[in-house]
Amino acid sequence: MLNKGLSRIDLYVITLFFGFSSAIAQVLLIRELLTIFRGNELIIGIIFAAWFIGIYLGARFNPEGERVTLERRVVLCLILFPILLLFFIYLPHFIPFVIPRTVGTFYSITTELILSLLFTIPISFLIGFFFPPVVSLTSAVDGKLSGGNIYYLETLGAFAGGILFTAILIDFLNPLGIISIIISISHLIYLKKYKNRLNLFLLFIPLMLLLMSERIENCIFEFVWERTHEGNLIHHKRTRYQILSFESYEEEIRIYGDGIYYNYIPDSYDARAIFHLIQSIRHKKDERLLALGIGFGSLLNNLLKTDISYLYYFETDPWLWRIGNQYRQKYYNTEENANKLRVYLQDIRYFLSHTDEKFDLIICLPPQPENAMLNRFYTKEFYSLCNDHLKPDGIFLTSIHGFTNYMGSDLTRYIASIYKGFREEFPYHLISSGERIYLIGATGEGIIPNHYDELITNYKKKSSLYTNNKFEIEVVENFDPEELRMLFEESQIEYFTKHMIENVSGIDKNLDLKPKAYWNKTVLSAFQEKSFIYSILKRPYIPLLLSVLLIAIVLLDIRKKYTGQQFISGITIFTTGFVSISTIILLIILYQNIYGVVYYRISLINALFMLGLTLGSYYANKKQIKSLNRVFMFLIITLLLILLYFHTKIESIFWIIIISFAFFCGNVFPMLFKQIGCINYHTSASILDSMDHFGSIIGSLLTAVFLIPIFGISGTVIFNIAMLLVIMVLSKYWISNST
């Protein structure tokens with residue numbers, strides 16, 4: 001295949017390429033799979049685990065060979081990696097042809113779990129498969145420094161890829177365009193060693209894909225949409241948060257986010273009940289309203305026609321307003337009362353944390369908390385934040401999942417976790433009934449009626465508010481305040497109140513640091529889907545026991561085949577891998593709780609983590625660090641800084657934690673490789689790389705399905721500190737025994 005062997009510089013360049021392309025590939029895969037699957041932290045944990053499983057398998061099952069054999073493996077990975085990436089990035093969009101689902105809904109959790117593994121492992125396998133051969137090939141010159149050199153070159157490439165993706169690629173190119181660049185780089189590296197006219201001609205293929213990437217992707221999406229939906233795809237946009245799709249069907253425009261149905265316009269009939277409920281709780285003119293999740297359809301436009309002063313409007317995705325407003329103009333007179341509308345294209349929690357504004361009415365109707373990003377609008381901390389920005393006689397309106405018959409234990413746990421936090425912040429409140437329960441809260445007595453009968457009676461006295469012909473006919477035609485009784489079914493309200501009194505005391509409330517509602521919603525979804533994973537989610541100790549069993553099997557395998565020193569190094573790097581990925585997941589959730597949508601930040605977080613690994617591994621490879629325990633002690637200090645960050649919410653601390661934490665994590669691999677590399681360079685690289693990623697597999701799974709649901713974020717930090725303390729004690733024992 002090659003006209004001459006790969007030089008040391010060639011191998012360094014290939015390593016940089018793999019770091020660069022793997023960082024971009026990981027983010028692209030996560031983002032693309034989350035446009036098909038629900039974007040909760042369980043699925044993210046599964047995708048992370050699948051990524052690390054592939055790397056583990058590639059590094060662990062990588063036999064030694066002659067130099068020419070190892071070079072072939074490296075070149076095969078170089079050529080095959082971007083091609084496989086292109087295939088598996090777009091394949092998920094064709095899943096509905098094989099596994100149909102109801103339009104606008106999720107796949108089952110079981111289906112998402114299996115498909116995450118199938119789409120991720122083949123790509124990440126090549127990343128693990130290339131690493132031991134490259135270390136082995138460079139060891140002829142670099143000796144015991146070869147492992148550390150390749151490690152920090154790979155992380156340096158990953159840093160460059162993450163920064164480039166965050167700063168440029170994410171805003172200007174779709175996945176097809178980005179992968180076309182990766183294919184071109186791969187081909188250029190290959191051409192340096194293997195030149196002929198055919199290979200030069202093949203270089204034009206990725207360049208043409210790059211130029212036509214937008215047109216090709218549009219054709220793919222339109223092709224899939226026409227065969228899986230009723231209407232026509234009239235607009236789609238890759239935002240920093242999701243893929244937004246707008247569908248034209250008959251006289252409607254339907255809106256989807258990552259394939260999940262949001263709402264439609266015009267939606268006059270759907271807005272009727274909630275519009276009058278809002279009007280019934282208002283008690284003066286010229287009020288200042290703040291709203292999240294009310295949509296840009298009839299509810300918004302009829303509220304603007306009332307005698308309010310201003311309406312501050314927020315969306316979970318700012319692009320939803322940017323795109324939707326152009327279609328809103330088709331159905332509504334958007335210039336009328338436009339002076340009352342204040343659109344804020346930022347996160348509502350961030351806004352409330354940085355303003356002194358007070359409001360007469362805050363309306364918060366976000367989607368159900370399928371993930372931590374939405375869960376943050378249902379926590380006690382968010383309700384407290386809204387409470388702080390209400391005027392003394394202000395009112396808060398939100399909604400939770402409802403019921404129409406018996407409330408099972410899973411549904412009760414889910415609803416109660418949210419209701420408990422709401423009730424503590426708003427002791428005076430009214431509750432509606434139905435599949436969607438509205439909660440109307442106030443902090444003082446007499447601000448809202450004590451009973452819905454009083455609410456309806458008072459609304460009857462405001463006839464001018466709902467008979468004025470300036471409102472949409474469908475919203476006010478033949479309206480009688482008695483219609484509101486449909487929202488207040490007495491037997492259901494009595495049942496809810498009694499059920500909550502009996503159960504709420506024994507249920508954890510939903511908190512930023514302990515997102516119980518998101519977890520309970522995941523368990524409830526698994527129950528409703530009759531998924532086999534339900535029994536696992538319901539009993540989190542099961543994944544813990546399975547993980548312990550799997551760890552024991554892997555460690556016994558290493559202990560049987562390799563030396564004691566290699567075995568000890570494997571345990572040490574396993575712990576580092578576990579703690580590192582667990583901490584990154586925690587930081588992602590924390591950042592999201594404070595600043596909003598975080599998915600577009602994943603590439604930056606990953607890039608800075610890789611920068612820290614690069615600096616740490618370079619330093620450890622060039623300097624003689626004598627004590628691993630000192631490194632672990634610094635890791636413990638940075639973990640404690642996470643709690644400081646949450647309480648201070650100073651963003652600079654967040655980025656300092658990532659870089660410093662990664663720096664000390666980066667010390668571990670080269671230090672261990674120096675100790676055991678000379679035994680057998682290929683085998684040592686295989687053990688350390690595979691066990692590092694095996695730790696990441698267990699860490700990502702247990703963090704998502706056990707640690708955070710049971711202990712919360714603070715408890716998970718303490719658990720990780722405990723793991724580091726245990727390995728520090730064991731290392732002293734091993735050293736004393738060896739001497």
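ALA685: closer than 30 Å to GLN592 by Cα, crowded, with 19+ Cβ neighbours inside 10 Å and at pLDDT below 90, yes or no?
Numbers: closer than 30 Å to GLN592 by Cα: no; crowded, with 19+ Cβ neighbours inside 10 Å: yes; at pLDDT below 90: yes.
Considered against the rule, which asks whether it is closer than 30 Å to GLN592 by Cα, crowded, with 19+ Cβ neighbours inside 10 Å and at pLDDT below 90, ALA685 comes out as no.
Please go through the range 60-102 and give me each residue that is more than 30 Å from ILE14 (Cβ to Cβ), open to solvent by 40 Å² or more (accessible area, probe 1.4 Å) and among the aliphatic types (A, V, I, L, M), ordered by number. Before you say what the answer is, go through the steps one by one.
Of all residues in the range 60-102, those more than 30 Å from ILE14 (Cβ to Cβ) come to 93-102.
From what is left, the residues that are open to solvent by 40 Å² or more (accessible area, probe 1.4 Å) are 94, 97-102.
Within the range 60-102, VAL98, ILE99 meet the criteria.
Conditions first: (1) without any contact (Cβ under 8 Å) to a residue 40 or more places away in the chain; (2) open to solvent by less than 30 Å² (accessible area, probe 1.4 Å); (3) among the polar types (S, T, N, Q). SER409 passes all but one, so which condition is the exception?
(2)
Name the one entry in THR111, THR138, THR120, THR105 that is on the phi < 0 side of the Ramachandran plot and open to solvent by 40 Å² or more (accessible area, probe 1.4 Å).
Values: THR111 fails: open to solvent by 40 Å² or more (accessible area, probe 1.4 Å); THR138 fails: open to solvent by 40 Å² or more (accessible area, probe 1.4 Å); THR120 fails: open to solvent by 40 Å² or more (accessible area, probe 1.4 Å).
THR105 is the lone residue from the list that is on the phi < 0 side of the Ramachandran plot and open to solvent by 40 Å² or more (accessible area, probe 1.4 Å).
Could you count how many residues in the range 141-171 are hydroxyl-bearing (Ser, Thr, Tyr), surrounded by fewer than 24 Cβ atoms within 10 Å (Cβ to Cβ) and at pLDDT 90 or above? Before you say what the answer is, go through the steps one by one.
Let us first name the residues in the range 141-171 that are hydroxyl-bearing (Ser, Thr, Tyr), namely 146, 151-152, 155, 166.
Filter once more, so that each one left must be surrounded by fewer than 24 Cβ atoms within 10 Å (Cβ to Cβ): 166.
Still in the list and also at pLDDT 90 or above: none.
Within the range 141-171, residues that are hydroxyl-bearing (Ser, Thr, Tyr), surrounded by fewer than 24 Cβ atoms within 10 Å (Cβ to Cβ) and at pLDDT 90 or above number 0.
For PRO392, are the conditions met, namely being surrounded by fewer than 21 Cβ atoms within 10 Å (Cβ to Cβ) and either modelled with pLDDT under 95 or in a loop (DSSP other than H, G, I, E, B) (or both)? Steps first, please.
Details: surrounded by fewer than 21 Cβ atoms within 10 Å (Cβ to Cβ): yes; either modelled with pLDDT under 95 or in a loop (DSSP other than H, G, I, E, B) (or both): yes.
Taking the combined requirement at face value, the residue satisfies it.
Out of curiosity, is VAL27 more than 28 Å from ARG376 (Cα to Cα) and assigned to a helix (DSSP H, G or I)?
Details: more than 28 Å from ARG376 (Cα to Cα): no; assigned to a helix (DSSP H, G or I): yes.
Spelling it out, it is not the case that VAL27 is more than 28 Å from ARG376 (Cα to Cα) and assigned to a helix (DSSP H, G or I).
Go through (1) open to solvent by 60 Å² or more (accessible area, probe 1.4 Å); (2) modelled with pLDDT of 85 or more one by one and return the number of the condition LYS561 breaks.
Among (1) open to solvent by 60 Å² or more (accessible area, probe 1.4 Å); (2) modelled with pLDDT of 85 or more, LYS561 violates only (2).
Pairs, please: C-beta under 6 Å, at least 6 apart or cross-chain, first residue under 30 Å from ASN218 (Cβ atoms) and in the range 172-200, second open to solvent by 20 Å² or more (accessible area, probe 1.4 Å) and part of a loop (DSSP other than H, G, I, E, B)?
Pairs that qualify, where the first residue is under 30 Å from ASN218 (Cβ atoms) and the partner is open to solvent by 20 Å² or more (accessible area, probe 1.4 Å) and part of a loop (DSSP other than H, G, I, E, B), are HIS187/LEU203.
Within the group LEU640, LEU635, which residue is open to solvent by 60 Å² or more (accessible area, probe 1.4 Å), in a helix (DSSP H, G or I), in contact (Cβ under 8 Å) with a residue 24 or more places away in the chain and under 30 Å from ARG376 (Cβ atoms)? Don't jump to the end; show me each part of the working.
Details: LEU635 fails: open to solvent by 60 Å² or more (accessible area, probe 1.4 Å).
Matching residue, one of LEU640, LEU635: LEU640.
Going through SER525, SER580, SER531, SER569 one at a time, which residue ends up being open to solvent by less than 20 Å² (accessible area, probe 1.4 Å) and in contact with a Cys (Cβ under 7 Å, 6 or more places away or on another chain)?
Just a single option satisfies the conditions, and that option is SER580.
Which members of the range 324-383 meet the condition of being among the polar types (S, T, N, Q) and surrounded by fewer than 22 Cβ atoms within 10 Å (Cβ to Cβ)?
Within the range 324-383, ASN325, GLN326, GLN329, ASN333, THR334, ASN337, ASN339, GLN346, SER353, THR355, GLN368 meet the criteria.
Given (1) at pLDDT below 90; (2) part of a helix (DSSP H, G or I), where does VAL74 come up short, assuming only one miss?
Here VAL74 clears every test but (1).
Determine if the range 558-580 includes at least one residue that is without any contact (Cβ under 8 Å) to a residue 12 or more places away in the chain and closer than 19 Å to LEU724 by Cα.
Within the range 558-580 (the criterion being without any contact (Cβ under 8 Å) to a residue 12 or more places away in the chain and closer than 19 Å to LEU724 by Cα), the answer is no, since none of the residues qualifies.
Restricting the search to the range 430-445, which residues are buried (at least 19 other Cβ atoms within 10 Å of the Cβ) and not in a loop (DSSP other than H, G, I, E, B)? Quick ask: steps written out before the conclusion?
At the first step, the residues of the range 430-445 found to be buried (at least 19 other Cβ atoms within 10 Å of the Cβ) are 430-433, 437-442.
LEU430, ILE431, ILE437, TYR438, LEU439, ILE440, GLY441, ALA442, listed by residue number.
Taking the range 1-48, which residues are buried (at least 23 other Cβ atoms within 10 Å of the Cβ), of a type in the set (Gly, Ala, Ser) and closer than 19 Å to ASN371 by Cβ?
Across the range 1-48, the qualifying residue is only GLY39.
Condition first: surrounded by 18 or more Cβ atoms within 10 Å (Cβ to Cβ), within 19 Å of ARG31 (Cα to Cα) and of a type outside the set (Phe, Trp, Tyr). Can you find one or more residues in the range 191-207 that meet it? Walk me through how you get there before you give the answer.
Step one: of the range 191-207, the residues surrounded by 18 or more Cβ atoms within 10 Å (Cβ to Cβ) are 206.
If we keep only those that are within 19 Å of ARG31 (Cα to Cα) as well, we get none.
No: zero hits.
Scan the range 450-464 for residues that are open to solvent by less than 20 Å² (accessible area, probe 1.4 Å) and either assigned to a loop (DSSP other than H, G, I, E, B) or more than 24 Å from ILE501 (Cα to Cα) (or both) and jot them down.
Correct list: ILE456, TYR459.
Being closer than 20 Å to ALA338 by Cβ, open to solvent by 20 Å² or more (accessible area, probe 1.4 Å) and either assigned to a helix (DSSP H, G or I) or touching a residue at least 40 places away in the same chain (Cβ under 8 Å) (or both) is the requirement here; does LYS285 meet it?
So LYS285 does not fit the description; no.
If CYS386 passes every condition in (1) part of a strand (DSSP E or B); (2) in contact with a Cys (Cβ under 8 Å, 6 or more places away or on another chain) but one, which one does it miss?
For CYS386, the exception is condition (1).
Looking only at residues in the range 218-254 that are part of a helix (DSSP H, G or I) and touching a residue at least 60 places away in the same chain (Cβ under 8 Å), which one is nearest to PRO100 (Cα to Cα)? First the steps, then the outcome.
Narrowing the range 218-254 to residues part of a helix (DSSP H, G or I): 218-228.
Now restrict to residues that are touching a residue at least 60 places away in the same chain (Cβ under 8 Å): 220-221, 224, 227-228.
Numbers: ILE220: 18, PHE221: 16, VAL224: 12, ARG227: 11, THR228: 9 Å.
This residue is THR228.
Here is a yes/no grid of residues against (1) open to solvent by 40 Å² or more (accessible area, probe 1.4 Å); (2) modelled with pLDDT of 90 or more; (3) of a type in the set (S, T, N, Q); (4) more than 30 Å from SER180 (Cα to Cα):
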position	(1), (2), (3), (4)
GLU214	yes, yes, no, no
GLY257	no, no, no, no
ILE260	no, no, no, no
LEU292	no, yes, no, yes
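The values are calculated or read from the model by the stated rules, or taken from the named source; none is laboratory data. Owing to the predicted nature of the structure, the values given are computational and were not obtained by experimental measurement. With ideal geometry, Cβ positions are generated from the backbone for all residues, glycine too; neighbour counts draw on all protein chains shown. Note: areas computed on protein heavy atoms with side chains; ligands, DNA, RNA excluded. Shrake-Rupley method; radii C 1.70, N 1.55, O 1.52, S 1.80 Å.
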